[in-house]
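Colleague: Mind having a look at this structure? Questions to follow.
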């Protein structure tokens with residue numbers, strides 16, 4: 001277990017010391033995402049993520065990026081429904097540059113007026129690009145119905161109208177309210193122990209923060225950020241006809257309660273692996289390899305603070321959607337009701353353990369793993385401990401997961417080139 005350290009500033013530190021690592025990767029996780037936006041703050045978190053890289057009280061955007069890129073390193077950010085993250089990777093000997101970059105961008109950004117207006121146009125272009133991608137649009141349409149009425153159902157980037165309406169003053173006020181060292185989580189992996197990292201973080205914050213954002217202060221009261229709430233999943237079988245889309249995008253989703261124990265998490269991972277995550281999985285083997293119904297067919301697992309989601313996705317022609325839906329229904333029913341064979345179980349367990357070992361070669365994956373574990377479950381197993389969880393998983397954990405999936409809230413949705421006759425054939429209502 002990697003023990004968290006809470007610094008005097010309020011920052012929580014997770015440090016994975018790897019003395020032989022040639023790289024140093026650090027991520028700052030802020031424990032809120034698009035689902036936490038108040039109704040009048042749609043699109044704020046994603047816009048905020050973009051603006052963190054656009055200049056601070058000490059350096060302009062180009063200078064910030066030049067300091068990272070001349071090391072050969074890189075930085076990135078992402079906004080999810082549950083979190084905002086800024087991540088930096090550099091050669092190990094340059095670790096202090098990465099730390100200063102992360103602290104400065106997160107806690108001392110100034111949102112220059114010219115940068116703000118330029119970045120608004122960039123975000124609008126991003127939204128239009130997403131709207132041009134049928135797969136993205138289809139999934140957003142599915143979530144809008146599956147989690148109808150819950151903030152988790154909204155597009156992460158917001159809508160075009162929301163982004164056009166945001167002012168710099170509003171976003172700066174949101175920044176002051178949302179981001180503060182108290183509540184921030186810094187996860188780091190590289191040749192640095194927790195004590196040394198903690199002292200360096202405190203020093204970097206003291207030198208980076210402007211006087212009106214004191215390290216020792218408290219975050220403002222949160223008017224524009226709401227707590228995460230569990231979405232009430234809606235069970236339905238429905239379709240949306242879109243003539244401009246040539247294929248049918250099909251989603252089959254099951255929502256469960258959040259996992260309460262590591263073995264429950266592993267059980268769901270095993271179930272997902274057997275169902276559709278791998279080339280030898282049940283739905284991939286049947287729909288693609290045996291019957292040639294679809295090029296894309298897979299399952300994935302999303303584990304959040306308020307819900308877990310198992311999602312099956314397939315993309316096929318209108319002529320094949322009936323057979324595709326029937327085959328997925330049949331394979332899910334067989335797996336959930338009859339269980340998995342012992343050979344399937346051992347293969348899935350070996351695949352999970354091996355895949356995790358390979359992911360440890362990726363420094364980005366290491367720190368994201370650290371942040372996601374801690375933010376979701378409040379603790380962090382070491383890499384060796386997590387590997388043992390997969391390598392020594394029990395068949396009983398898989399059986400419990402399959403039982404839960406059999407009784408979870410399930411919805412099926414088809415989006416795209418689908419006519420009334422096809423919709424009737426698969427017994428889907430039009431929405």
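Colleague: Step by step: first the residues of region 17-31, then only those that are under 21 Å from the mean Cα position of the chain (by Cα) and at pLDDT 95 or above, then the one that is farthest from residue 365 (Cα to Cα). Which residue is that?
Modeller: Ranking the candidates gives 30 first.
Colleague: Taking region 74-130 on its own, how many of its residues are farther than 20 Å from residue 63 by Cβ, in a helix (DSSP H, G or I) and touching a residue at least 60 places away in the same chain (Cβ under 8 Å)?
Modeller: The number of residues fulfilling the criteria is 3.
Colleague: List the number of the failed condition for residue 66; all other conditions in (1) outside any helix (DSSP H, G or I); (2) surrounded by fewer than 22 Cβ atoms within 10 Å (Cβ to Cβ) hold.
Modeller: (1)
Colleague: Select the helices (runs of 4 or more DSSP H) contained entirely in region 324-391, then report the ones holding at least 1 residues which are over 21 Å from the mean Cα position of the chain (by Cα) and surrounded by fewer than 17 Cβ atoms within 10 Å (Cβ to Cβ).
Modeller: 342-359, 383-391
Colleague: So residue 149 ticks every box in (1) over 24 Å from residue 373 (Cβ atoms); (2) in a helix (DSSP H, G or I) but one. Which box is left unticked?
Modeller: Going through the list (1) over 24 Å from residue 373 (Cβ atoms); (2) in a helix (DSSP H, G or I), residue 149 breaks only (2).
Colleague: Same structure, new question: How many of the residues making up region 297-312 are part of a strand (DSSP E or B) and more than 25 Å from residue 324 (Cα to Cα)?
Modeller: Looking only at that region, the number is 1.
Colleague: Step by step: first the residues of region 156-190, then only those that are in a loop (DSSP other than H, G, I, E, B) and modelled with pLDDT of 95 or more, then the one that is farthest from residue 119 (Cα to Cα). Which residue is that?
Modeller: First, pick out the residues of region 156-190 that are in a loop (DSSP other than H, G, I, E, B): 156-159, 166-167, 179-184.
In the following step, the residues that additionally are modelled with pLDDT of 95 or more were identified as 156-159, 166-167, 184.
Values: 156: 16, 157: 13, 158: 14, 159: 15, 166: 12, 167: 12, 184: 25 Å.
Going through the qualifying residues, I end up with 184.
Colleague: Considering only residues that are touching a helix residue (DSSP H, G or I) at 6+ places or on another chain (Cβ under 6 Å) and modelled with pLDDT of 95 or more, which ones fall in region 125-135?
Modeller: The answer is 127, and nothing else.
Colleague: Considering 235, 253, which residue is in contact with a strand residue (DSSP E or B) (Cβ under 6 Å, 6 or more places away or on another chain), outside any helix (DSSP H, G or I) and surrounded by 17 or more Cβ atoms within 10 Å (Cβ to Cβ)? Even if it seems obvious, please write down each step before you answer.
Modeller: On the way: 235 fails: surrounded by 17 or more Cβ atoms within 10 Å (Cβ to Cβ).
Answer to the selection: 253.
Colleague: Additional query: Tell me the residue from 271, 200 that is at pLDDT 95 or above, touching a helix residue (DSSP H, G or I) at 6+ places or on another chain (Cβ under 8 Å), assigned to a helix (DSSP H, G or I) and not assigned by TED's automatic domain parsing to the domain that holds residue 391, please. Give the derivation first.
Modeller: Working: 271 fails: not assigned by TED's automatic domain parsing to the domain that holds residue 391.
Selected residue: 200, the only one of 271, 200 that is at pLDDT 95 or above, touching a helix residue (DSSP H, G or I) at 6+ places or on another chain (Cβ under 8 Å), assigned to a helix (DSSP H, G or I) and not assigned by TED's automatic domain parsing to the domain that holds residue 391.
The values are calculated or read from the model by the stated rules, or taken from the named source; none is laboratory data. The structure presented is a predicted model; accordingly, all values stated were derived computationally and were not measured. We place every Cβ from the backbone using ideal geometry, glycine too, and count neighbours over all the protein chains shown.
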